[in-house]
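A.B. asks: Structure below; questions to follow.
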Amino acid sequence: VNSPQVLLTFAQSIDGRIATACGESRYISRSGSLELSQELRRDNDAIMVGISTVLRDDPALTCRIASDTNPLRVVLDSSLRLPPDSQLVQSADEIPTLVYCRQEAASGSAAAALRSRKVGVEGIPAGEDGRPDLEAVLKSLAGRGINSLMVEGGAALLTAFVRGKLWHRMLVVTAPLLLGRGVEALGDIGVEALAGAFRPEVREIRIIGSEVVWDLKPGLLPGKEVQ
Ligand SMILES: NC(=O)c1ccc[n+]([C@@H]2O[C@H](COP(=O)([O-])OP(=O)(O)OC[C@H]3O[C@@H](n4cnc5c(N)ncnc54)[C@H](OP(=O)(O)O)[C@@H]3O)[C@@H](O)[C@H]2O)c1
């Protein structure tokens, strides 16, 4: 197996923003869907975020509902900007934490400092954009026995997974607020014309309070005729 099952999940405003223009995202979702995200953390072997989300929000990425094990916390961080005083590093001696960086960063002083704090650091060959190649990251996770991965954002990471068609399920929570200018849930995913849009298959639509949870799986890929 070369990849865990990949679940992409995010909470957005009705107008498709996952954060305000200044990056504030807590909490776009306010109802039972927060509980849903805790259940998903419990049910996945690993949780992944991009380094910008760590720098902006300093998340703990722990599972707050009873469970035997905490999922592995994974950060994609090309040049090891992960701050030593972040919640992730401070709790790494108790909760497994792994950072994927560019290959040359994995032998530098920042890597040594993180390893001394019990943070795993693995170098990955860079893809076209100079960042750790996602397929190689997924292969590495599979090799570590990770069968299920939940990607919690932010936008750049979600965009890279969608663009690369590297996901198996997507849960989008849409909350009834309007943000206007802000962080778009997805950036350039390679869609130009409407005919080229990704059209995920809708597995289920759940309503939790006033929020709508779209449970999607990859459907027609861009370029295919809509039946
Ligand atoms: N509403 C929600 O559900 C939700 C969830 C999470 C985050 N957010 C919000 O999203 C915002 C952050 O989003 P963001 O788009 O700025 O950042 P992000 O996706 O969290 O992190 C992006 C960074 O990750 C690193 N990275 C490493 N490998 C990558 C790869 N293969 N593909 C993409 N990125 C890679 C890059 O930095 P390097 O080049 O330095 O490696 C990149 O700039 C924050 O405002 C946060 O609050 C919202």
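A.B. asks: What is the gain in length, in nm to one decimal, between N147 and D215 on full extension, counting 0.36 nm per residue of separation less the C-alpha to C-alpha distance?
C.D. replies: Extending this stretch completely gives an extra 22.5 nm.
A.B. asks: Separate question: Give the shape of the range 145-200 as rounded, prolate or oblate, defined through the alpha-carbon gyration tensor: a ≥ b ≥ c are the square roots of its eigenvalues, a/c under 1.5 means rounded, and otherwise the shape is prolate if a/b is larger than b/c and oblate if not. Could the numbers behind the result be given before it?
C.D. replies: Details: a/c = 1.85, a/b = 1.20, b/c = 1.54.
Cα axes put the range 145-200 in the oblate bin.
A.B. asks: Another one. DSSP loop (so not H, G, I, E, B), at most 12 other Cβ within 10 Å: list which trypsin sites (Lys or Arg not before Pro) in the range 1-73 pass both filters.
C.D. replies: R26, R64
A.B. asks: Additional query: Grab the eigenvalues of the alpha-carbon gyration tensor for the range 1-86, scale each by 5, take roots, and send me the semi-axes largest first in whole angstrom. Before the final figure, lay out the partial values.
C.D. replies: Working: eigenvalues 85, 73, 38 Å².
The three semi-axes for the range 1-86 are 21, 19, 14 Å.
A.B. asks: With point charges of +1 on the Cβ of Lys and Arg and -1 on the Cβ of Asp and Glu, referenced to the Cα centre of the chain, which listed residue (Q38, G130, V202) lies farthest in the positive direction of the dipole?
C.D. replies: Value computed over the given set: Q38.
A.B. asks: I've got another one for you. Just how large is the dipole of the range 83-227 about the Cα centre, in debye to the nearest 20, putting +1 at every Lys and Arg Cβ and -1 at every Asp and Glu Cβ?
C.D. replies: 240 debye
A.B. asks: Report, in degrees rounded to the nearest 10, the 0 to 90 angle that the Cα long axis of helix 134-143 makes with the longest principal axis of the chain.
C.D. replies: Helix 134-143 sits at roughly 60 degrees to that axis.
A.B. asks: Along the Cα→Cβ direction, 7 angstrom out, place labels at I208 and D43. What is the inter-label distance in nm?
C.D. replies: Distance between the two pseudo-spin positions: 1.1 nm.
A.B. asks: Give me the number: length gained by fully extending I14 to N2, i.e. 0.36 nm times residue separation minus the C-alpha to C-alpha distance, one decimal in nm.
C.D. replies: The span from I14 to N2 would gain 0.8 nm if fully extended.
A.B. asks: Assign unit charges at the C-beta atoms only (+1 for Lys and Arg, -1 for Asp and Glu), then state the dipole size of the range 15-128 relative to its Cα centre in Debye, rounded to the nearest 20.
C.D. replies: Using Cβ point charges on Lys, Arg, Asp and Glu, the range 15-128 gives about 180 debye.
A.B. asks: Taking the Cα centre of the range 90-170 as the origin, how large is its charge dipole in debye, to the nearest 20, when only Lys and Arg (+1) and Asp and Glu (-1) carry charge on their Cβ atoms?
C.D. replies: Value, rounded to 20: 120 debye.
A.B. asks: Around D129, what is the net charge, scoring Lys/Arg as +1 and Asp/Glu as -1 over all other residues with Cβ under 15 Å from its Cβ?
C.D. replies: Local charge sum for D129: -2.
A.B. asks: Taking the chain as the reference, fit the longest principal axis to its C-alpha atoms, fit the long axis of helix 33-43 to the helix C-alpha atoms, and give the angle between the two in degrees, 0 to 90, nearest 10.
C.D. replies: 50 degrees
A.B. asks: How much length would be gained if the chain were fully extended between S116 and A60, taking 0.36 nm per residue of separation minus their Cα-Cα distance, in nm to one decimal?
C.D. replies: Stretched fully, the S116-A60 segment lengthens by 18.2 nm.
A.B. asks: What's the exposure ranking of C101, C63, C22, going from fewest to most Cβ atoms within 10 Å? Before the final figure, lay out each step's value.
C.D. replies: Details: C101 27, C63 20, C22 9.
The order, fewest Cβ neighbours first, is C22, C63, C101.
A.B. asks: Can you give the helix-only mean residue ellipticity at 222 nm for the chain, where every DSSP H stretch with n ≥ 4 adds -39500 (n - 2.57) and the sum goes over all residues, rounded to the nearest 500 deg cm²/dmol?
C.D. replies: Working: 6 runs with 49 residues, N = 227.
Per the formula, -6000 deg cm²/dmol.
A.B. asks: Quick one: Cα centre-to-centre distance for the range 9-62 and the range 170-213, in angstrom?
C.D. replies: Here the two parts' Cα centres lie 14 Å apart.
A.B. asks: Shifting gears a bit: Mind counting lysine pairs for me in the chain? Cα separation below 27 Å, and the two need to be 8 or more apart along the chain or on different chains. Mind showing how you got there, number by number?
C.D. replies: On the way: K118/K139; K139/K165; K139/K217; K165/K217; K165/K224.
The result is 5.
A.B. asks: Hey, with R₀ at 22 Å, roughly what FRET efficiency would R26 and E184 work out to, going by the Cβ-Cβ distance, to 0.05?
C.D. replies: Once the sixth-power term is evaluated, E becomes 0.80.
A.B. asks: Another question, then. Projecting each Cα onto the charge dipole of the chain (Lys/Arg +1, Asp/Glu -1 at the beta carbon, about the Cα centre), which of L216, L141, H168 comes out farthest on the positive side?
C.D. replies: Towards the positive end, the residue furthest out is L141.
A.B. asks: Compute from the Cα atoms of the range 118-227 the Rg and the Dmax, the latter being the longest Cα-Cα distance, and quote both in angstrom.
C.D. replies: Over the range 118-227's Cα set, Rg and Dmax evaluate to 16.2, 52 Å.
Taken together, the values in this text are just the output of simple stated rules run on the coordinates, not laboratory data. Note that the structure is a prediction, hence the values are computed from the model and not measured. In this analysis, Cβ positions are derived from the backbone assuming ideal geometry, glycine residues included, and neighbour counts consider all displayed protein chains.
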